[in-house]
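Reviewing the structure listed below.
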Amino acid sequence: MRVVRTTDYNDMSRKAANVISAQTILKPDTVLGLATGSTPIGTYRQLIDWYKKGDIDFSQVSTYNLDEYRGLAPEDPNSYHYFMRTNLFDHVNIDLANTHVPDGLAADPEAYCASYDAMVRDAGYPDLQLLGIGRNGHIGFNEPDDAFSKGTHLVDLTESTIEANSRLFDSVDDVPRQAFSMGVQTIMYAHTILLIASGEEKAEAVRDAILGPVTPHCPASILQLHANCILIADAAALSLCPAE
């Protein structure tokens with residue numbers, strides 16, 4: 001794993017956007033795996049800024065998102081469909097037909113998960129997968145468990161994840177208790193993985209992910225085994241890791 005240490009959130013966001021921008025320039029029809037949450041917002045804003053300046057073209061890009069809350073319609077302001085539209089898709093020239101976010105209203109979760117995996121597989125898996133990391137080491141909505149998940153699946157969210165995400169809802173009671181998530185094995189099929197982290201509250205998770213044992217009790221730790229994984233994190237997120 002290559003580690004890029006940045007000064008702060010803005011520096012992290014800019015450097016992460018540089019990696020994504022380079023990928024789209026070198027391969028205009030690139031397949032991007034995308035993440036949600038507060039961490040990538042700065043990265044998306046930087047990409048939008050460069051698009052408006054004519055530096056990036058998304059017209060041939062296709063995207064596959066990691067996850068979505070179960071029970072939320074795409075137009076729900078708390079859904080990840082809505083998040084991606086408002087934070088990226090509506091501001092660049094991407095073809096919305098080429099964007100894919102799990103369906104939180106899927107009537108048959110098992111069948112839907114299999115179909116989403118098939119779509120990702122048929123696309124050749126992401127050329128570049130963007131990831132954030134949860135305070136408990138989760139990636140996507142793959143929570144700490146006794147085994148690493150494989151394909152897309154329905155997840156029971158932990159109380160720590162529900163509490164952490166409650167800041168985005170009116171109250172903690174409004175946070176869905178389940179979500180669809182791409183599995184760890186599917187994530188690992190990405191050709192390049194870009195993990196981003198910011199803030200002191202992520203320091204323990206980052207330390208465990210890059211320096212601890214590879215264990216499903218810290219799902220992000222499996223990224224140590226990926227052949228081409230880049231961590232871009234600010235000084236606060238790397239505060240428990242040696243500088244060298």
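Being touching a strand residue (DSSP E or B) at 6+ places or on another chain (Cβ under 9 Å) and exposed (fewer than 12 other Cβ atoms within 10 Å of the Cβ) is the filter here; which residues of segment 98-118 pass it?
Hit for segment 98-118 is GLU110, nothing else.
Cβ-Cβ below 6 Å, separation at least six or inter-chain, first residue in segment 137-151 and of a type in the set (Phe, Trp, Tyr), second part of a loop (DSSP other than H, G, I, E, B): which pairs?
Listed by first residue and then by second, the contacts come to PHE148/PRO216.
Are any of the residues in segment 197-207 surrounded by 17 or more Cβ atoms within 10 Å (Cβ to Cβ), within 14 Å of the chain's Cα centre (by Cα), within 16 Å of ALA35 (Cα to Cα) and touching a residue at least 40 places away in the same chain (Cβ under 8 Å)?
At the first step, the residues of segment 197-207 found to be surrounded by 17 or more Cβ atoms within 10 Å (Cβ to Cβ) are 197-199, 202-207.
Among the residues that remain, those that are also within 14 Å of the chain's Cα centre (by Cα) are: 197-198.
From the residues that got through so far, the ones that are within 16 Å of ALA35 (Cα to Cα) too are 197-198.
From what's left, touching a residue at least 40 places away in the same chain (Cβ under 8 Å): 197-198.
Yes, segment 197-207 contains a residue that is surrounded by 17 or more Cβ atoms within 10 Å (Cβ to Cβ), within 14 Å of the chain's Cα centre (by Cα), within 16 Å of ALA35 (Cα to Cα) and touching a residue at least 40 places away in the same chain (Cβ under 8 Å).
Scan segment 29-40 for residues that are within 12 Å of the chain's Cα centre (by Cα) and open to solvent by less than 40 Å² (accessible area, probe 1.4 Å) and report the count. First the steps, then the outcome.
Of segment 29-40, the ones within 12 Å of the chain's Cα centre (by Cα) are 32-40.
Adding the requirement that they be open to solvent by less than 40 Å² (accessible area, probe 1.4 Å) leaves 32-37, 39-40.
Summing the residues that are within 12 Å of the chain's Cα centre (by Cα) and open to solvent by less than 40 Å² (accessible area, probe 1.4 Å) in segment 29-40 gives 8.
I'm checking my understanding of the structure. Among residues of segment 208-244 that are among the small types (Gly, Ala, Ser) and open to solvent by 10 Å² or more (accessible area, probe 1.4 Å), which one is modelled with the lowest pLDDT? If you could, list the steps in order and put the result at the bottom.
Our first condition is that a residue be among the small types (Gly, Ala, Ser); within segment 208-244, this holds for 209, 212, 220-221, 227, 233, 235-237, 239, 243.
Narrowing further to those that are open to solvent by 10 Å² or more (accessible area, probe 1.4 Å): 212, 227, 235-236, 239, 243.
Working: GLY212: 96, ALA227: 97, ALA235: 97, ALA236: 98, SER239: 97, ALA243: 75.
Within segment 208-244, the match that is modelled with the lowest pLDDT is ALA243.
Return the only residue of LEU47, LEU88, LEU96 being more than 21 Å from GLY151 (Cβ to Cβ), touching a helix residue (DSSP H, G or I) at 6+ places or on another chain (Cβ under 8 Å) and without any contact (Cβ under 8 Å) to a residue 12 or more places away in the chain. Outline the logic, then answer.
On the way: LEU47 fails: without any contact (Cβ under 8 Å) to a residue 12 or more places away in the chain; LEU88 fails: without any contact (Cβ under 8 Å) to a residue 12 or more places away in the chain.
Sole residue among the options that is more than 21 Å from GLY151 (Cβ to Cβ), touching a helix residue (DSSP H, G or I) at 6+ places or on another chain (Cβ under 8 Å) and without any contact (Cβ under 8 Å) to a residue 12 or more places away in the chain: LEU96.
So, THR6, is that one open to solvent by less than 50 Å² (accessible area, probe 1.4 Å), in contact (Cβ under 8 Å) with a residue 60 or more places away in the chain and under 18 Å from the mean Cα position of the chain (by Cα) or not? Explain how you work it out, then say what you get.
Numbers: open to solvent by less than 50 Å² (accessible area, probe 1.4 Å): yes; in contact (Cβ under 8 Å) with a residue 60 or more places away in the chain: yes; under 18 Å from the mean Cα position of the chain (by Cα): no.
Judged against the criteria, THR6 is not a match.
Considering only residues that are touching a Gly at 6+ places or on another chain (Cβ under 7 Å) and open to solvent by less than 60 Å² (accessible area, probe 1.4 Å), which ones fall in segment 147-163?
SER149, GLY151, THR152, HIS153, THR161
Would you say PHE83 is of a type outside the set (Ser, Thr, Tyr), more than 26 Å from ILE162 (Cβ to Cβ) and modelled with pLDDT of 95 or more? If you could, list the steps in order and put the result at the bottom.
On the way: of a type outside the set (Ser, Thr, Tyr): yes; more than 26 Å from ILE162 (Cβ to Cβ): no; modelled with pLDDT of 95 or more: yes.
So PHE83 fails the test.
Just name the residue that is most open to solvent (accessible area, probe 1.4 Å) out of those in segment 41-67 that are among the β-branched types (Val, Ile, Thr), within 20 Å of PRO102 (Cβ to Cβ) and within 12 Å of the chain's Cα centre (by Cα).
Restricting attention to segment 41-67, the residues satisfying the condition of being among the β-branched types (Val, Ile, Thr) are 41, 43, 48, 56, 61, 63.
Subsequent filtering for residues that are within 20 Å of PRO102 (Cβ to Cβ) retains 41, 61, 63.
Among the residues that remain, those that are also within 12 Å of the chain's Cα centre (by Cα) are: 41, 63.
Working: ILE41: 35, THR63: 2 Å².
The extreme case among them is ILE41.
Is there any pair linking a residue in segment 29-40 that is closer than 15 Å to PRO102 by Cβ to one that is of a type in the set (D, E, K, R), with Cβ under 8 Å and at least six apart or on different chains, and which?
Close Cβ pairs (under 8 Å, with a partner that is of a type in the set (D, E, K, R)) amount to THR36/ASP67.
Right, PRO144: open to solvent by less than 50 Å² (accessible area, probe 1.4 Å), at pLDDT 95 or above, in contact with a Ser or Thr (Cβ under 8 Å, 6 or more places away or on another chain) and not basic (Lys, Arg) or not? Give the derivation first.
Numbers: open to solvent by less than 50 Å² (accessible area, probe 1.4 Å): yes; at pLDDT 95 or above: no; in contact with a Ser or Thr (Cβ under 8 Å, 6 or more places away or on another chain): yes; not basic (Lys, Arg): yes.
So PRO144 does not fit the description; no.
Residues in segment 168-196 that are over 18 Å from the mean Cα position of the chain (by Cα), in a helix (DSSP H, G or I) and not hydrophobic (A, V, I, L, M, F, W, C): how many? Give the steps one after another, and end with the answer.
As a first pass, look at segment 168-196 and keep what is over 18 Å from the mean Cα position of the chain (by Cα): 169-177.
Next cut, in a helix (DSSP H, G or I) only: 172-174.
Then keep just the ones that are not hydrophobic (A, V, I, L, M, F, W, C); that gives 173-174.
Result for segment 168-196: 2.
The values are calculated or read from the model by the stated rules, or taken from the named source; none is laboratory data. Just so we're clear, the structure is a prediction, and the values are computed from it rather than from any experiment. Because the Cβ atoms are built from the backbone with ideal geometry, glycine has one as well, and the counts that use them run over all protein chains shown. The accessibility values were calculated without ligands, DNA or RNA, using every heavy atom of the protein model including side chains. Shrake-Rupley method; radii C 1.70, N 1.55, O 1.52, S 1.80 Å.
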